[in-house]
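> Before I ask anything, let me first share the structure, which is written out below as structure tokens.
The values are calculated or read from the model by the stated rules, or taken from the named source; none is laboratory data. The shown structure was predicted, so the numbers you read here are calculated from the model rather than taken from an experiment. Methodologically, a virtual Cβ is constructed for each residue, glycine included, from the backbone with ideal geometry; neighbour enumeration extends over all protein chains shown. The area values use the complete protein model at the heavy-atom level, side chains included, leaving out ligands, DNA and RNA. Shrake-Rupley method; radii C 1.70, N 1.55, O 1.52, S 1.80 Å.
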Amino acid sequence: MLPFVLVLPMSASGAEQSDPEDMVITASRVGAEQDDSPQVVRILTHEQIQQQRQLTSDSSEILSNLLPSYSPPRQKMTGSGETLRGRTPLVMIDGIPQSNPIRPTGRELHTIDFAMVDHIEVLQGANATNGLGASGGVINIITRRPEPGSFTQHVEAQVTTPTSQLKSETTSYKTTYGFSGNKGPLDYVFALGYEDQGLYLDGDNKAVGVDNTQGDLMDSRSYDLLAKGAWWFNDNQRLQLSFNHYTVRGQNNYVDVPGDRTRDIATTSERGDPEGEAPYNKVSTTGLTYDDYDLAGMHLNLLAFYQDYKALFGADDSATFQDPSIAPVGTLYDQSYATTTKYGTKASLTKDDLWDDRLKLTVGFDTLFDSSEQSLHRTDRTWVPEVNYTDLSPFVQMEVTPIDSLTLTAGARYEYANLDVDGYRTVASNEGGVDVESGSPSFNETLYNAGVVWRPIEHWSLFANYSEGFEMPDVGRALRGIEEPGQSADDFDNLRPIVTDNIETGVRYDDGRLDAELSYYVSSSDFGSRLDTNDSDQFVLQRQKTKIDGIDATIGYQFTPKHHGSLSYSHMRGRYDSDGDGSLDGKLDGLNVSPDRLIARWSAQWSPEWSSMVQVNHAFDRNFDESANGWDRDFDGYTLVDAAIGHKLPVGQVNVGISNLFDERYITYYSQSALNSPDAEYMNERYFAGRGRTLTVGYSLKF
């Protein structure tokens with residue numbers, strides 16, 4: 001018996017490569033390949049991720065650099081407002097959901113160090129087969145797998161510094177160590193990572209403003225431990241246990257110096273001692289997977305998982321936290337603390353040799369049990385009561401190929417959702433505090449999907465897809481914002497689920513040298529969800545009719561065996577019903593949709609020792625409706641250029657990356673176009689510039 005080991009060919013630079021077209025998309029739940037998918041699917045390969053890691057360690061920025069339909073990154077610990085095709089994606093690690101459906105904190109992508117990642121599957125657009133939380137698509141992060149050979153070790157070290165100055169407080173350090181291999185029926189992977197990030201500087205050589213409230217990657221330390229072990233009982237049966245623990249914590253060495261957005265003066269930072277405990281994210285995830293690849297001619301996949309999630313936000317004296325019974329109004333600092341524990345199962349059974357191998361049928365059943373709450377940490381007050389959520393979802397999916405040039409897919413998923421909300425009293429800023437009765441509302445929806453892929457002539461394929469997404473609104477935001485006394489969770493309309501309809505059509509071409517794809521999509525919801533800010537500077541949930549449509553386009557060309565270029569473009573627009581009359585009369589702002597973006601990339605393998613990559617990332621200007629508070633939220637676009645060079649040494653490899661090559665000074669998309677508050681101080685405190693030019697030098701070794 002031979003144990004299964006995923007063997008990926010090696011590039012001349014030593015980076016693992018894989019052909020995305022031949023990779024099975026595990027997030028599809030049916031073992032589909034990219035070319036057979038009736039919707040846009042992206043495989044971010046190990047080599048692409050490694051190239052981006054030469055420039056940045058920010059997981060949001062890596063995704064944004066590789067996916068133009070993903071929002072420009074905030075470059076902070078919290079990624080609220082970062083969307084895929086204008087809607088929230090379901091983030092998974094090895095199929096385990098990282099998104100917290102009841103009280104999302106926007107930190108779903110800061111639950112793992114991308115040094116632990118092998119590749120990433122991205123399904124764009126609402127996805128019925130994955131159910132809860134996939135209204136914007138699915139981002140499935142696949143962790144490292146055993147390398148070829150019985151025992152392999154790897155070590156990596158990086159130093160990052162602004163090019164404008166070299167000193168200890170602006171320098172960042174990162175290191176990882178790991179080993180993997182197989183021995184008889186046992187496969188194993190183990191890795192440790194550590195990062196210490198210094199002060200960021202912008203394109204004007206000024207300190208980037210620190211976000212003491214939401215949390216910041218700047219001036220932070222993070223740790224990651226990944227361990228996986230798999231046992232092959234025979235050639236077809238495999239049991240795997242995996243564990244990942246990730247912590248990122250600010251160091252609280254800086255306070256912000258508010259800018260002035262009316263004069264385009266960015267927020268900066270200075271040495272100081274912020275109130276309260278430093279913000280952090282602590283996430284532990286355990287998964288147990290069993291596969292039987294030949295159960296009476298079928299493939300059985302079972303996954304059981306458990307996750308413990310803790311998120312602390314920084315201290316703030318916002319109006320929401322004030323309570324005259326505790327301290328004089330305006331003097332009370334508090335900080336919120338969100339916790340979630342969730343566990344569940346995912347099961348699927350696939351038969352792919354029906355009707356002379358032309359029919360593939362998959363049935364499955366998923367469960368999720370989530371318990372979430374949010375407190376005010378310093379005063380031990382309830383902000384969001386304990387909410388227990390149960391989701392039960394059977395599904396069936398069919399793929400049929402009646403003729404070789406035509407593939408049809410169809411499926412249905414039934415979602416049963418139940419919320420169990422404890423009775424509680426809101427904080428004093430909500431009309432002095434009101435009592436909310438307990439409740440246990442339940443919901444059920446049947447989600448459908450249908451798609452077609454037609455290959456009329458060689459190299460060409462046309463595809464079309466209809467799929468429905470299901471997600472719960474931000475229950476925590478809805479509950480903590482109740483102002484009507486005697487309200488019950490049983491009859492609170494804002495707790496109703498969000499069902500999103502996604503229609504997509506497109507064309508693909510691939511002749512082995514030139515590959516291209518163009519798609520048009522429409523994503524709509526009759527009772528959607530939109531984030532806004534209120535007079536207390538807190539995000540609030542608006543339930544309104546919404547519609548987003550757009551175009552995704554990519555083209556890649558292999559000029560020579562050693563030179564490859566690509567262009568990717570995303571255009572989207574979003575509208576919502578601002579006055580409830582059924583017409584889509586308002587523009588969705590930067591908190592809900594992304595700007596149009598164009599990304600150009602050129603990769604070269606000059607020799608067995610030398611490789612390079614250059615990318616240009618342009619975000620186009622965008623106009624928005626004037627905010628209710630009079631703020632100009634129109635977006636002034638910018639262009640960022642990055643470059644990286646790799647050199648293979650007799651022992652190991654050296655990589656040099658320069659991010660923001662021309663030291664562009666710009667204000668982040670979120671800071672320009674997402675915020676809306678009557679409080680000028682709040683708006684000026686969060687007028688953040690993006691990071692200026694940085695130099696990253698790294699050394700890696702496999703042995």
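> Over the range 386-437, what portion of Cα pair distances is larger than 19 Å, expressed as a whole percent?
Tail of the P(r) past 19 Å holds 61 percent of the pairs.
> Projected onto the charge dipole of the chain (+1 at Lys/Arg Cβ, -1 at Asp/Glu Cβ, origin at the Cα centre), which of Pro650, Phe635, Thr350 gives the Cα projection farthest towards the positive end?
Most positive-ward Cα: Pro650.
> Limiting things to C-alpha atoms, what are the Rg and the maximum Cα-Cα separation (Dmax) for the range 109-258, in angstroms?
In order Rg, Dmax, the Cα atoms of the range 109-258 give 19.6, 63 Å.
> Below 8 Å, C-alpha to C-alpha, sequence gap of six or more: please give me the relative contact order for the chain in percent.
With pairs under 8 Å counted, the relative contact order is 13 percent.
> Run through every distinct alpha carbon pair of the range 278-410 and return the Kirkwood hydrodynamic radius in angstroms, one decimal place.
18.9 Å
> Below 11 angstrom from the Cβ of Ala327, what's the summed charge of the other residues (Lys, Arg +1; Asp, Glu -1)?
Here the count lands on -2.
> Quick one: which of Lys183/Lys702; Lys174/Lys702; Lys76/Lys562 span more than 25 angstrom between C-alpha atoms?
From Lys183/Lys702; Lys174/Lys702; Lys76/Lys562, over 25 Å: Lys76/Lys562.
> If Lys648, Lys342, Lys310 are ordered by their accessible area, calculated over protein heavy atoms with a 1.4 Å probe, which sequence runs from highest to lowest?
In descending accessible area the options line up as Lys648, Lys310, Lys342.
> Something else about it: With just the Cα atoms of the range 195-324, tell me how far they stretch along each of the three principal axes, in Å, largest first.
On the principal axes, the range 195-324 reaches 70, 43, 26 Å in Cα extent.
> All other residues with a Cβ under 9 Å from the Cβ of Phe620 taken together, and with Lys, Arg as +1 and Asp, Glu as -1, what is their net charge?
That works out to 0.
> Modelling each spin label as a point 7 Å along the Cα-to-Cβ direction, I'd like the Glu169/Arg425 distance in nm, to one decimal.
About 4.5 nm, to one decimal.
> What is the extension gain from Leu225 to His563, computed as 0.36 nm multiplied by their sequence separation minus the C-alpha to C-alpha distance, in nm to one decimal?
Additional length available on full extension: 118.1 nm.
> Residue by residue, what Karplus-based ³J(HN,Hα) values in Hz, rounded to whole numbers, does the range 54-71 have, using 6.51, -1.76 and 1.60 with θ = phi - 60° and x for Gly and Pro?
So the J values, rounded to whole Hz, are 6, 10, 7, 9, 6, 4, 5, 5, 4, 4, 5, 5, 9, 10, x, 7, 8, 4.
> May I pose another question? Find the relative contact order for the range 15-172 and round it to a whole percent, using C-alpha pairs within less than 8 Å whose residues are 6+ positions apart.
Relative contact order comes out at 22 percent.
> Return the Rg/Rh value of the range 220-291, two decimal places, where both radii are evaluated on C-alpha atoms and Rh is the Kirkwood radius.
Over the Cα atoms of the range 220-291, Rg/Rh equals 1.35.
> With point charges of +1 on the Cβ of Lys and Arg and -1 on the Cβ of Asp and Glu, referenced to the Cα centre of the chain, which listed residue (Phe243, Gly133, Gln48) lies farthest in the positive direction of the dipole?
Looking along the dipole axis, the top candidate is Gln48.
> Quote the charge dipole size of the range 112-238 about the Cα centre in Debye, to the nearest 20; the model charges only the Cβ of Lys and Arg (+1) and of Asp and Glu (-1).
400 debye
> For the range 603-617, in order, what is each residue's ³J(HN,Hα) by Karplus, 6.51 cos²θ - 1.76 cosθ + 1.60 with θ = phi - 60°, in whole Hz (x at glycine and Pro)?
Karplus values, whole Hz, x for Gly and Pro: 10, 9, 10, 5, 7, x, 9, 10, 9, 8, 8, 10, 9, 10, 10.
> Also, I was wondering about something else. Which length gain, in nm to one decimal place, applies between Glu626 and Ser318 when the Cα-Cα distance is subtracted from 0.36 nm times their residue separation?
108.4 nm is the gain from fully extending Glu626 to Ser318.
> Among (1) 0.95; (2) 1.00; (3) 1.16, which one is Rg/Rh (Cα atoms, Kirkwood Rh) computed from these coordinates?
The calculated read-out lines up with (1).
> Now for a different question. Could you go through the range 100-114 in sequence order and give the Karplus-derived ³J(HN,Hα) for each residue, using 6.51 cos²θ - 1.76 cosθ + 1.60 with θ = phi - 60°, rounded to whole Hz, and x for Gly and Pro?
Per residue, the Karplus-derived 3J(HN,Hα) values read 9, x, 8, 9, x, 10, x, 10, 4, 8, 10, 10, 7, 7, 5 Hz.
> A follow-up question, please. With the convex hull built on the Cα atoms of the range 408-452, state its orientation-averaged projected area in nm².
For the range 408-452, the mean projected area of the Cα convex hull comes to 4.9 nm².
> Kindly state, to the nearest 0.05, the FRET efficiency for Val616 paired with Asp511, given R0 = 35 Å and r defined as their beta-carbon distance.
After rounding, the FRET efficiency stands at 0.85.
> Charges at C-beta only: +1 for Lys and Arg, -1 for Asp and Glu. How large is the resulting dipole of the chain about its Cα centre, in Debye rounded to 20?
Dipole of the chain, to the nearest 20 debye: 1800 debye.
> Please give me the summed charge of the neighbours of Ser607: other residues whose Cβ is under 14 Å from its Cβ, Lys and Arg +1, Asp and Glu -1.
Result for the neighbourhood of Ser607: +1.
> Relative contact order for the range 479-529: what is it in percent, counting Cα pairs under 8 Å that are at least 6 residues apart?
35 percent
> If you don't mind, another one. Assigning unit charges at the beta carbon (Lys, Arg +1; Asp, Glu -1) and nothing else, what dipole magnitude in debye, to the nearest 20, does the range 286-411 show about its Cα centre?
Dipole size: approximately 260 debye.
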